[in-house]
Amino acid sequence: MYLAYVDESGDRGPDGSQSYVLACVLVRSSQWATAFDGLIKFRRFLKDKTSVPMRAEIKANYLIRNGGDLRAVALSEKARRFIYRGLLRLQPSLGLHSFAIVINKPLLRQRRPNADPMIIAWTFMMQRLEHLTRRPQDQLLLLHDEGEPEAIRKMARRFRRFGTAGSLFGGGYQIPAFVGLLDDPVSRNSRHSYFLQLADLNAYAAFRRTYPPPARTVQICPQTMWDELGTARFASANRRTGGPSVGIVFWPR
């Protein structure tokens, strides 16, 4: 059985961010306790090195802007990059895997003016999670950050019973019903989940892998940050649709 932690970067509206991104962190239920202990150990290490409290929420936006729970610590840019890189490099050693869906909002508006980038991204997400559990038949519990619980619940119920995506993408194909999806997705506050915080960091790193940041002396999240995940990048996620990097689905192409 898998636990899939999903968080977003960007917004679904017509303006604002260039993209809408979902990132998923996958952990086997049998490895969850070991991975969680590893996360706690690393957070203790960060506390000793940078004074970031164990209960502080570490999100990409907080590291980029020195905001949120990190504001009081007043970290240098080098320290914030150290934290970001360390949390991505940690993931393969914990047996975690991750992939991301990056929706190009301007191009999507050109091709499908009425399409919702959130719905498109979650459709890709459900497709790949369904495929993960199909052979051999496995099960998965989906946990996501707070924000759109009703919309995500409705999509999950539809995919569990019907699994169709043809009407959304204009094709005549149909994916199998997501029979491995257990119950409704669980909405959680990322403040209370180290795994969701990793998904947030991965989502922004996937965004920057696709849309490089402006040049500056110290980049908290450079274009290469996604690649710090190493073997944790779930390569088969973008086997069909391609993408700019391992484990990233970029759409429209």
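Quick notes
- Candidate values (i) 17.7, 56; (ii) 17.1, 52; (iii) 21.6, 70, label of the one derived for Rg and Dmax of the Cα atoms in Å: (i)
- Per residue of the chain, the DSSP helices (runs of n ≥ 4 H) give a summed -39500 (n - 2.57) that works out to -12500 deg cm²/dmol at 222 nm.
- Residue-span extension gain [residue 49 to residue 216] - 0.36 nm each, minus C-alpha spacing: 57.6 nm
- Mean separation of Cα contacts under 8 Å (6+ apart) over length of the chain, as relative contact order %: 29
- Extension gain (nm, one decimal) between residue 114 and residue 17, 0.36 nm per residue minus Cα-Cα: 33.2 nm
- Student exercise, the range 2-251 dipole from Lys, Arg, Asp, Glu Cβ charges, in Debye to nearest 20: 420
Bear in mind that the values in this text are calculations on the coordinates, not laboratory data. This is a predicted model, so every value here is computed, not measured. Glycine gets a Cβ as well: all are built from the backbone with ideal geometry, and neighbour counts include every protein chain shown.
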